[in-house]
Amino acid sequence: MDNVNANIEKVLSQKIFKPNRDFAKLARIKNMCEYEDLCYNADSDYEKFWGDLAREKISWFHPFNKVLNTENAPFYKWFEGGKLNVSYQCIDRHLKEKKNKVAIIFEGEMGDYKVVTYRKLYTEVNKTANLLKNHFDIRKGDRVVLYMPMIPEVAIVMLACARIGAIHSVVFGGFSPEALRDRIQDAEAKLVVTADGAFRKGKPYMLKPAVDKALENNSCPSVKKVLIVERNGEDIEYVRGRDFSYNEMIAHERSIFEPEPMDSEDPLFLLYTSGSTGKPKGVQHSSAGYILHAQLTMEWVFDIKDSDNYWCTADVGWITGHTYLIYGPLACGATTLIYEGTLAYPNYGRWWQMIEEYKIDKFYTSPTAIRMLYSHAEHEPRNYDLSSLKVLGTVGEPINPTAWKWFYEEIGGGRCSIVDTWWQTETGGNMITPLPGATPIKPGCATLPLPGIIAEVLHEDGSRVENGEQGLLCITKPWPSMIRNIWGDSERYIESYFSQVKRDGMPIYFSGDGAIIDEKGYITITGRTDDVVNVSGHRIGTAEIESAITKHESVAESACVSKLDPITGESLFAYIVLHENVPRSMGEELEIMKEINGILSKEIGNIAKLGAALFVPGLPKTRSGKIMRRILKSIARGEEVKQDISTLEDPSIVEKIVKIVTNV
Ligand code: PRX
């Protein structure tokens, strides 16, 4: 493995902060003894541990008869025989005691707001389920793609799908029409739900035209209809017989729809994410295991209380938006805030103002957002009363100690625990994280696995690394909210997650991340070991980037790696080899670079723009033709090349590239 970089060394030497005592007294898990007791219970009888929790937390329509079935590993099955409905779990069961409690607070970027009580959420979800079934023929197992902004209707449609038993697949609104088309085609969706658009940076922006483009030339024959929610009121085209207005139709629907009893293992949703090779993969999640973990981690990690106002800033198009904006909080009967816009509109005080106004208790965001707010307006938070905050969370990427300390002091006033939560689209929910009332925290360190989650840092042969040594972060026992499959591609599921690390011949889930474990068992994530780049917490596969770059007619080949970035954590750095006949000049290269960025934003979306590109005469390759990306990564990061280059087809290429970098 690579040497530990300077940032990680800084994390490892950080001092520890103890949880706030007053908070801990009232927390569900109050100290490390309680945490260890839970871990002990899980260790002594894993199935009983998870079975008891599933019985306690889920309102079953029919009880399960087996906790875990490993017969067809790694296609694990949890809570077999059980029947439930996730929308019932998130809404109906709260109605008796909480019908007038606010489920969703929505704030638009322009300052408009709306509250949706649990009773109202019930009505709207039922009406929407009727609409989807009666007018769009959506049945159990059908796929519905959502391409929507951050508005309450996105939660309503997701829950309506869950109520019917249809499988939703939310596509992030920043993805391009091409990327949307790929996902619709892969999921073979029957219906696309979108909006005219929304508001961003003070202006309307559009979504519906991207759907039109994705569907043009009958490129998605599975899609029969498109349902459009009106949000920004801008003019859009309605294709006759295909496009329908949600706002017009919903008024006529009945507000009762019996939730479909679903098997525990029936898929709840697909969410596409990038891997190290090929096209994005449709990560398939189950109903029971997923919702159990979403709910449980809201209780353990956010210590969610009935009186809490909770805010997760993630977009619904990512897994954090699924689990910690919608499903987790609603399964707990909590109040969740959905904010439509950007963090800097009309200024860098917007989020702090919202925390003050809504008296937010628990706040969950990304390190990139923290770094942006810190670097643009370090002292802005002082203009607001943030004293309601009790727990702060970060997710999606490593947080550097400087940003951590600012978050801790300036936002948390030195009294809030920061839960640095490590997890992935594939894990469904938090896996390694401090518990706010119990775990002593260390800036930049995700600390300890949750009870019942067996995380280990291993060599490829399944043996444990020494403390302080870098290894592969693996989850060595199946867990309820784990990915069940890659939609339509079981082989890729095994290949992606269960092929690299084995212990006694048995496949083990490998996350793709490197990590270091210390003598206390604290785990520090060192970043992806594969060809996935994490830009602003967005996962981007370099294979997708390279295949888009080579669509440019002047490009012969390219290799993309990550470079460290002070705000976005990582950025994309491409090495580009042009065809021999392409004229070379600074102007020509700049033009090509511009065109390549145009292709990337068309093929993938604006999140895939290159941070930097370097035109090089060739790429370092092994004799069998494999590009040595590790070498390119070291060069991009300004590190010394320590890898053995003697086995390269042309070792002199490394020196040539280093020379170009030094001269830029
Ligand atoms: O590399 C890890 C990083 O984000 C990856 C998962 O990305 P995604 O599936 O998009 O899910 C993001 C939200 C859960 C991981 O493989 N990552 C996630 N959380 C952390 C992290 N890296 C460091 N520290 C974290 N807390």
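The values are calculated or read from the model by the stated rules, or taken from the named source; none is laboratory data. This structure is a prediction, so every number in the text was calculated from the model and none was measured. Because the Cβ atoms are built from the backbone with ideal geometry, glycine has one as well, and the counts that use them run over all protein chains shown. Heavy atoms of the whole protein, side chains included, go into the accessibility calculation; ligands, DNA and RNA do not. Shrake-Rupley method; radii C 1.70, N 1.55, O 1.52, S 1.80 Å.
Here are a few things to note about the model shown:
- Kirkwood Rh (inverse of mean 1/r, distinct Cα pairs), the chain, angstrom: 25.7 Å
- Amide H contacts for GLU649 (H built 1.01 Å from N in the peptide plane; partners 5 or more residues away or on another chain; cut-off under 5 Å): LYS621, THR622, ARG623.
- The length gained on full extension between LEU590 and GLU230, counted as 0.36 nm times the residue separation minus their Cα-Cα distance, comes to 125.6 nm.
- For the pair ASP644 and ILE494, a Förster radius of 41 Å applied to the C-beta separation gives a FRET efficiency near 0.85, rounded to the nearest 0.05.
- PHE615 long-range amide H proximity, modeled H, under 5 Å: ILE576
- Taking the helices alone, the chain has a mean residue ellipticity at 222 nm of -8500 deg cm²/dmol, built from -39,500 (n - 2.57) per DSSP H run of at least 4 residues and averaged over all its residues.
- Residue (of ASN383, LEU270, ILE660) at the positive-pole extreme of the chain, dipole from beta-carbon charges: ASN383
- Packing-based order for 31-44, 168-181, using average beta carbon neighbours within 10 Å, highest first: 168-181, 31-44
- Fully extending the segment from GLU248 to TYR205, taken as 0.36 nm per residue of separation minus the present Cα-Cα distance, adds 13.3 nm.
- When a 1.4 Å probe is rolled over the protein heavy atoms, the share of accessible surface on the chain that falls to carbon and sulfur comes to 48 percent.
- GLN185-THR342 pseudo-label distance in nm [points 7 Å out on the Cα-to-Cβ vector]: 3.2 nm
- In this calculation the C-beta distance from ASP385 to LYS96 is compared with R0 = 25 Å, giving a FRET efficiency of 0.10.
- Counted charge near LEU458, where neighbours are those whose Cβ lies closer than 15 Å (Asp, Glu -1; Lys, Arg +1): -3
- When peptides 640-647, 549-556 are ranked by their average number of other Cβ atoms within 10 Å per residue, the highest-first order is 549-556, 640-647.
- Site pair SER255 and THR277 shows an inter-label distance of 5.3 nm when each label is modelled 7 Å from Cα along Cα→Cβ.
- Average accessible surface area per residue within the chain, 1.4 Å rolling probe, Å²: 39 Å²
- Highest mean packing first, where packing is the average number of other Cβ atoms within 10 Å per residue, the peptides 431-441, 335-345 line up as 431-441, 335-345.
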